[in-house]
1. Once the other residues with Cβ under 10 Å from the Cβ of Gly359 are scored (Lys, Arg +1; Asp, Glu -1), what is the net sum?
2. How far, in degrees from 0 to 90, does helix 296-306 lean away from the longest principal axis of the Cα atoms of the chain, to the nearest 10?
3. Across the chain, how large is the tail of the calculated P(r) beyond 38 Å, expressed as a percent of all Cα pairs?
4. Pick out, in residue order, every one of the GluC sites (Glu not before Pro) in segment 140-215 that is DSSP loop and has at most 16 other C-beta atoms within 10 Å; say none if there are none.
5. Find the centroid of the Cα atoms in segment 204-218 and in segment 291-369, then give the distance between the two in whole Å.
6. At 222 nm, what value in deg cm²/dmol follows for the chain if DSSP H runs of at least 4 each add -39500 (n - 2.57) and the sum is divided by all its residues, to the nearest 500?
7. Which of the chymotrypsin sites (Phe, Trp or Tyr not before Pro) found in segment 173-269 are in a DSSP loop and have at most 10 neighbouring Cβ atoms, other than their own, within 10 Å?
8. Which net charge results for the neighbourhood of Glu227, defined as the other residues with beta-carbon distances under 11 angstrom from its beta-carbon, given Lys and Arg at +1 and Asp and Glu at -1?
Amino acid sequence: MILFDRYSKLKKQAPGATVHAGQKQLLPLLSGTLRKNDLPELIVEPSNVQELQTVLKFAAEKDMRVAVASGHSPAAVHELEGAMLILVHRLSGPSQLSSDGMGLWVNSGTPLETIAVELAQRGLVWLPLHPLEPGETMGTLFARAAEGVRCHRGGGVLSNIRRIEWVGYDGERFATGPGSTGDNIDVSPLLFGSGARYGIMTRFELALEAIPESRTLLLCECQSIQELSDIYHGWRYGVPMPSALPFWTGIATNALRQGNDNFVSESAVGLLACEWEGNIGVDVAPELVHQRSEGITPVNHMWQNLFRLPRTLNRLFASKSCGRYRLPSEALCDFDERVTELARDRSLTVAVWGTLDIGHVNVWVLHPDDEARTARRAAELLERLAEDALNLQGCPVQLASGMSDVSLYRDALTQSWELALVSKCDPASRHKPLRAQTTA
């Protein structure tokens, strides 16, 4: 009866929110092997910011820890007994153009596919939406620090966001962005990739660009990673500057070969794609095997072939462990050698592709079976690569166990800002990470 009273009060305070309690209601929203102490006390789905504030204030009154999940798929949970799990997928709704017509206010629960369609209808583009990740929302993209490939000229996600709004764990609303004035500091870089550490993201103002009339894409087949690196450095500061400069090393190149008939030759060891806005004439060494596409439709078709890689790998391998790293371009050859060495020592197959400097390098360790010991070996490999990335003046972004704690790699001043932000947004330490970090 006491539990009923607590939940009936919440339902009355936030009538539009959906409240789930009891195993029968909770279990369909959760995934994985669940123990009794993994189940949250209740799951709440607020439908707007005001309800979210009410829900968080209710949790504070009841002294409940709070975990956060997107709600677009069943959530994997760990030791949430007595806690509240908030699903944020209903924080969506219509997008709104900024007053200057070159910004778009987007709710955190809005699917990226929806944003892309709306922008195409307006003749505008948000550069980080390339490629589109299935099932990703604006909030999940930001929370896990996802980066698109068109970041070489225009910068990554942070360079293309004007404003961010979120709600802290005491129910207070906050906002930040490059235009922060007075005593306010732009804390966007601290929020990016932090999950729900500082609260729940509610709205973003995206910086838009007009869709170009044409694009030029060159896909080069390289005979070695050293050749790939040399070509990359020849183009990275060219005029005009490329908008995208992604690469694929050996295993990834072979998977693209298997996923696309007659797409690349058998001799290709690595691939480098270079995209420019407009119709660009590029001098290419006659001995370099390459494909050139010009115009919007042919270039998009080429990208579709390249973006088929994850689907091909998922088809060829039943299980995988994934890592993401930020690496300077000078580190590519050394990093690739280290991947090859670690994979050989552990009898594992590792696919590497991505974008250097501003973007992320993706490392997928492909499991030959679904044994737990294989997953442990794969997780250890990604952890070792994290050390190598640091030695190469880069850093890990995500490992098999989840997002990396990038605060460890920041200077003392930035760390003090992080502590101040946590104190401001979660003064009672109410946030409960969705999944505890596990060691392989």
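1. Working: positive: Arg150, Arg324, Arg326; negative: Glu147, Asp357.
Cβ neighbours under 10 Å give a net charge of +1.
2. Around 80 degrees separate the two axes.
3. 26 percent
4. The qualifying sites are Glu172, Glu213.
5. 24 Å
6. Mean residue ellipticity at 222 nm (helix-derived): -9500 deg cm²/dmol.
7. Details: sites: Phe174, Phe192, Tyr198, Phe204, Tyr232, Trp235, Tyr237, Phe247, Trp248, Phe263; in loops: Phe192, Tyr198, Tyr237, Phe263.
Taking segment 173-269 and a limit of 10 other Cβ atoms within 10 Å, the loop chymotrypsin sites (Phe, Trp or Tyr not before Pro) found are Tyr237.
8. -3
Quick note: the coordinates plus some simple rules give every number you see, no bench work behind them. Quick caveat: nothing in here was measured; it's all calculated off a predicted structure. Glycine also receives a Cβ, built like all others from the backbone with ideal geometry; neighbour counts cover every protein chain displayed.
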